Structures are given as C-alpha cells and as structure tokens.
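The values are calculated or read from the model by the stated rules, or taken from the named source; none is laboratory data. As the structure is a prediction and not an experimental result, all values here were calculated from the model. Here the Cβ positions follow ideal geometry from the backbone for every residue, glycine too, while neighbour counts run over all protein chains shown.
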Amino acid sequence: MLGLGNKTDKKSKEELEVKDSKNNIETEEKQIKKKSIMDDLLSQTPTPPQVGDLVEGLVIAIERSHIFINLPPFGTGIIYGREFMNARDILRKINVGDSIAAKVVDVEGLEGYVELSLKEARQALIWAEAEDAIKNKTILELPVKDANKGGLIIEWQGIQGFLPASQLKAENYPRVEDGDKDRILEQLRALIGTKLAVSVITADPKENKMIFSEKDSLEEDKKILTEDYKIGDELEGEVTGAVEFGVFVKLREGLEGLVHISEMDWALVEDPRTIFKIGEKVNVKVIDINNGKISLSIKALKENPWHEAAKKYKKEDTVNGVIIKYNKHGALASIEEGVAGLVHISEFETDEKLREALELGKTYKFTITLFEPEEQRMTLSLKGEK
C-alpha cells in the first residue's frame with residue numbers, strides 16, 4: 001500500500017508541473033500578444049511635435065491678440081505676443097475654420113499651449129518653394145530693390161536675395177572696360193526698380209542665403225553656341241550696346257560679340273557711341289573665340305591703308321600731317337586716312353609746350369623717323385622751329 005501511495009504522489013506532482021508549465025506558456029503568450037498590441041498602438045500614434053516642426057490645424061478661435069489652432073491629438077496651439085504682431089497682416093485675412101500651417105517655437109508655451117509662429121512657417125514654406133524652383137528651373141519676374149558693387153538685391157516673398165553681376169544677361173551686364181567699381185555701381189543702380197526674369201540657383205535657409213541668376217540656358221551654354229563659329233567667319237549682326245570702349249553685336253539669340261574700339265576702323269575712333277546706334281545692322285569678322293566669348297572686327301573687312309602707304313612712303317620722307325589726338329606719349333598726326341604716326345613729347349620738353357606747338361586739327365610738315373607698315377608703326381618729327 002505504501003508503494004502505491006508513492007506512485008500516486010509522484011503522478012500528481014508531474015501533473016502539477018505540466019499544468020504550471022502550460023500556465024507559464026499561456027502567460028508568456030499573453031504578454032507577447034499584449035506587447036505586440038502596444039507596439040501597434042505606439043506605431044500608429046503620431047509623434048508629438050518638436051520645436052522647429054511644421055504643423056497644420058484648423059483655427060478654432062480668434063481673439064484680439066491671440067489665435068488658437070486645433071492640433072489633435074496634441075491639444076491646442078497658440079499664436080500670440082511677438083509672433084502675433086509679426087504675422088498680423090496675414091492673420092487679418094484668416095477666419096475661424098481656416099486651415100493654416102505654422103512652425104512650433106515652444107512645445108510648452110503660454111498656459112501649456114503649443115506656441116506657434118506663422119511668419120517662420122511662411123518663411124520655411126518659401127524656402128521649400130525655392131528648392132522646388134531650383135529643381136524645376138522656374139523663371140520668376142522680380143523687381144530690383146537695390147544694388148551694390150557686386151550685384152543686385154532681389155526680393156522674393158519677403159526674403160532678400162542676391163543677383164551677382166556675373167549672373168546678369170549680356171544686355172544688363174555693366175560694360176566698364178577698366179573695371180572701375182564706381183562706374184559699375186552706377187550702371188547697376190540704373191536697374192533699380194526694373195523687373196528681371198530670374199531663376200533661383202542657391203537656397204540656404206540656415207545661412208539665410210538666396211542667390212538668383214538672370215542667365216537662361218542659352219547664356220549658360222555659350223561655349224556650345226560658339227562651336228558654330230570659327231575665326232575668319234564673316235557675319236551680319238545687330239548692335240545691342242555701344243560704350244566708350246566698343247560695341248556689342250548680337251550674332252544670334254543668347255550670343256553677343258564685342259567689337260573693341262581698336263577694331264572699328266583703320267582711322268582713329270574717339271567714341272563708338274557717336275558712330276553706332278542700337279538696332280543697327282553691321283558686318284563683322286570673327287577674330288578670336290575664347291571661353292565662350294567672341295571678339296569681332298569691323299575694320300578687318302576693310303582694306304588695310306598701311307598696305308598702300310608702304311608703297312608711297314619711307315623713312316626720312318617729308319609729309320604733311322594733321323594732329324588728331326594727344327596722349328601721354330605725345331601727339332598723333334594723320335598723314336592720310338587710317339595712317340597716323342606719333343610725334344613724341346621728348347621733342348618739346350613738356351606736354352604744355354607740345355600742345356602749344358601742335359594744335360588739334362591743324363596741319364604741319366613732319367619728317368618720318370620710323371616707318372614699319374607691317375607693324376602699323378610710324379614716328380614723326382616736326383620740321384622747322386618748335
């Protein structure tokens with residue numbers, strides 16, 4: 001009997017152990033299932049807004065200096081104080097029930113409300129628009145607000161940006177030969193108040209930097225455009241600009257060339273602006289192509305008068321010359337159209353004495369002291385008393 005009792009106790013103990021094991025497994029399964037449900041709930045719950053986040057909600061109340069925005073499930077947002085004043089022009093147009101986007105500036109603001117900024121949100125949206133404008137190469141027509149020696153100040157939706165002079169189209173680029181910064185600024189200031197078609201090329205909200213460009217795809221691809229031309233080509237173009245150092249000639253849409261004052265005529269040209277008019281058609285010859293820039297010549301299409309002069313004159317000849325210009329070296333005297341020589345200042349001791357002896361527009365007898373027609377060089381000496 002004792003043996004039978006021991007077996008019964010042993011069997012009962014094993015049954016209890018199996019039951020406990022089953023209970024433990026069921027408990028673990030319940031805990032795993034509960035954890036999974038919690039994980040699912042957490043994953044479905046929106047992340048609470050943080051400072052700097054953009055949020056969107058409906059306007060639920062508008063007071064004299066406060067505006068309240070519903071932000072479920074995180075409570076209510078508020079725009080007040082300085083942020084309210086900064087956005088008052090925008091807020092005047094907002095009504096209860098309108099949906100607006102705002103930027104979180106404090107997650108525990110006045111009386112526990114989430115403090116919001118409408119102005120900062122608007123700026124954030126503008127920067128996002130600027131990024132899209134860069135990707136889409138959007139063209140914007142914007143007014144020039146100001147200018148400095150480096151370029152123009154452009155404003156877009158309340159954000160000021162910069163348009164470097166190097167990013168201006170050829171027709172608006174300051175054409176100053178010697179790079180005088182004051183004269184460059186003067187030309188740039190002439191654009192204030194005008195509207196330019198520009199694109200955004202840089203948008204950096206952290207640095208508050210927005211850079212614009214007026215150049216279009218043709219302007220950027222000038223190197224490709226110039227591949228259609230070669231040195232020696234004779235073309236017809238249209239004068240688009242005349243400055244003291246030359247004229248700009250449009251060869252095709254987006255491509256201009258420069259005729260320097262020294263390449264206009266074999267005769268002396270004092271001021272190109274008195275000779276050429278905007279829109280005038282001119283024949284030119286390509287004399288140089290370099291890095292997307294084309295240099296042109298008008299005089300290269302005319303017969304070189306020095307070739308004929310080589311047959312008529314030689315060193316020591318006596319010639320008549322008309323004084324056409326003074327320079328730091330002396331005076332230039334023309335012996336015929338397009339052929340001029342230098343009368344050096346050293347013959348007269350001072351510039352004042354030279355100008356007294358040689359008056360502009362008057363004719364004098366000279367001796368040719370140097371004659372190199374191939375180099376187009378000639379020096380003259382005044383005959384008789386000085």
inquiry  = For the stretch 336-350, which positions are at negative phi, surrounded by 14 or more Cβ atoms within 10 Å (Cβ to Cβ) and not in a strand (DSSP E or B)?
reply    = 345, 347, 348
message = Please go through (1) more than 16 Å from residue 198 (Cβ to Cβ); (2) outside any strand (DSSP E or B); (3) within 38 Å of the chain's Cα centre (by Cα) for residue 104 and return the number of the only condition it doesn't satisfy.
response = (2)
Single residue of the stretch 157-171 satisfying the filter (crowded, with 19+ Cβ neighbours inside 10 Å and not aliphatic (A, V, I, L, M)) that is farthest from residue 252 (Cα to Cα) = 161
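Residues checked against (1) touching a residue at least 24 places away in the same chain (Cβ under 8 Å); (2) assigned by TED's automatic domain parsing to the domain that holds residue 235; (3) touching a Cys at 6+ places or on another chain (Cβ under 8 Å); (4) of a type in the set (Phe, Trp, Tyr):
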residue	(1), (2), (3), (4)
278	yes, yes, no, no
286	yes, yes, no, no
289	yes, yes, no, no
296	yes, yes, no, no
315	yes, no, no, no
327	no, no, no, no
341	yes, no, no, no
344	yes, no, no, no
347	yes, no, no, no
query = Which numbered condition trips up residue 242, out of (1) within 20 Å of residue 299 (Cβ to Cβ); (2) at pLDDT 85 or above?
reply = (2)
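One line per residue, one yes/no per condition, for (1) of a type outside the set (A, V, I, L, M); (2) surrounded by fewer than 12 Cβ atoms within 10 Å (Cβ to Cβ):
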| residue | (1), (2) |
| --- | --- |
| 265 | yes, no |
| 272 | yes, no |
| 281 | yes, yes |
| 286 | no, no |
| 291 | yes, yes |
| 298 | no, no |
message = Only one of 46, 72 is modelled with pLDDT of 80 or more and either under 41 Å from the mean Cα position of the chain (by Cα) or surrounded by fewer than 10 Cβ atoms within 10 Å (Cβ to Cβ) (or both). Can you tell me which?
response = 72
ask   = Hey, among the residues in the stretch 135-145 that are of a type outside the set (Val, Ile, Thr) and surrounded by 13 or more Cβ atoms within 10 Å (Cβ to Cβ), which one's modelled with the lowest pLDDT?
value = 140
note = The correct count of residues that are in a helix (DSSP H, G or I) and either among the hydroxyl-bearing types (Ser, Thr, Tyr) or within 43 Å of the chain's Cα centre (by Cα) (or both) in the stretch 298-335 is 3
key: residue 114 being within 30 Å of residue 65 (Cβ to Cβ) and modelled with pLDDT of 85 or more   = yes
inquiry  = So, in the stretch 226-275, how many residues would count as being over 30 Å from residue 336 (Cβ atoms) and aromatic (Phe, Trp, Tyr)?
reply    = 2
remark   = Note on residue 166: of the conditions (1) in contact with a strand residue (DSSP E or B) (Cβ under 6 Å, 6 or more places away or on another chain); (2) not in a strand (DSSP E or B), unmet is (1)
query = Conditions: (1) modelled with pLDDT of 90 or more; (2) over 13 Å from the mean Cα position of the chain (by Cα). Residue 179 meets all but one. Number of the miss?
reply = (1)
request  = Tally the residues that are in a strand (DSSP E or B) and not polar (S, T, N, Q), restricting the search to the stretch 77-101.
outcome  = 6
